[in-house]
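This report concerns only the one structure given below.
We did not get these values from a lab; they are worked out from the coordinates using the rules stated. Computed from a prediction, not measured in an experiment: that's the story for all the values here. Every residue, glycine among them, receives a Cβ derived from its backbone with ideal geometry; neighbour counts consider all protein chains shown.
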Amino acid sequence: MLVAERQQKIIHLLKTEKMMTVEQLCKRLYSSGATIRRDLTSMSRAGQLKRIHGGAVLLDGTSTESPFLVRENEQYDVKLSLAKAACDSIQNGQTIFMDSSSTVLQMAKFLPSIEGLTVITNGIKTAMQLAPNSNIQTYCAGGKMRENSFSLTGVPTFEFFNHYNADIAFLSCRGFDFEKGVTEANEEEAQIKRVLVSRAKKVVLLCDNTKIGQTYLSRVCETAGIHLLVTNAIIEQTRSHHSIGIQVVTK
C-alpha cells in the first residue's frame, strides 16, 4: 500500500472513530507498528492529526489541512467530473486563474482542447502538467512553496497575481456554506484566493458534497462573490440566498 493511500485511510478511520490506537490501526490497515507510528508522526507534523499516548485523534477541522497527496486521492472520480464540467465555462482565447487545489488540478487534463488559452496559477503540479502543451500559455507565480499543498504563497505570490486580470478564476476550498461563504484551513492559501477572486470577471467554485456546509478558519469570500458553483451535491434551488448559478454534476 502506498504511503499516501495508507494515510488517507488513517484519516477516514479517524473521522469515523474519532480516536484510534496504533494497535487498532495496524489491524485495520494490515501494517506494522513501526509503519503506523511513522505515518502518525509525519501526519502530526503536517498538522493533520494529534498524537496521543499510543495512538492519534483528528484535530478540529477549523484549523487543520490535509496533505496534498492525501487530498488528491480523496473523491478522485468526483473531482474529475467536476473539473470536466467546469471546463465547459471556458472559451477559446480566454485567460484563466487556477488555484493550487487538488480539484482544480484535474482541469489540466481537459484544457489542451481549448485554443489560445492563457493559464495563470500558483499550483506547482498544475503548471507542470500544463507545461508540455504548446497551445497553452502558462504563467506560474513565484513565492514560498508550501510542502503541504505544492502551492506558492506569500507576498511575492500576492503581488504577482495583482499584475494580471482574468476572464475566469477557478478555485476550490476546504469548506463552503451559503451563509458563511468560502473558507480555507490556511490563511496563506486564503489570501491568494482572495486576490484571484478580486482580479477575475467571473469566479467558478468547484466543491464536492463533503465540503458543503463546512466552515474553516479563514474566509476567502462571501457567497455573493461566486458566480457559478460546480458540485455533485443535491442542493435545493428555491432558497432565497441562492443568487449564484449552481451546476450539479451527477456523473
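Per 0.36 nm of contour for each residue apart, how much would the distance between His53 and Tyr76 grow if the chain were fully extended, relative to their Cα-Cα spacing? Don't skip to the end; give the middle numbers.
Details: separation 23, 0.36 × 23 = 8.28 nm, distance 3.31 nm.
Answer, rounded to one decimal: 5.0 nm.
Calculate the FRET efficiency for Val248 and Lys201 from the Cβ-Cβ distance with a Förster distance of 25 Å, rounded to the nearest 0.05.
Working: r = 24 Å, r/R0 = 0.94.
With R0 = 25 Å, the Cβ-Cβ based efficiency is 0.60.
For the chain, I need the span (max minus min coordinate) of the C-alpha atoms along each principal axis, in Å, sorted largest to smallest.
Taking the Cα atoms of the chain, the three principal extents are 55, 44, 35 Å.
Between Arg28 and Gln91, what is 0.36 nm times their sequence separation minus the Cα-Cα distance? Round to one decimal in nm.
17.9 nm
Past 30 Å, Cα to Cα: identify those pairs from Lys50/Lys125; Lys50/Lys144; Lys109/Lys144; Lys9/Lys201; Lys9/Lys125, in the order given. Don't skip to the answer; put the middle values down first.
Details: Lys50/Lys125 28 Å; Lys50/Lys144 26 Å; Lys109/Lys144 26 Å; Lys9/Lys201 39 Å; Lys9/Lys125 23 Å.
In this structure, Lys9/Lys201 lie more than 30 Å apart at Cα.
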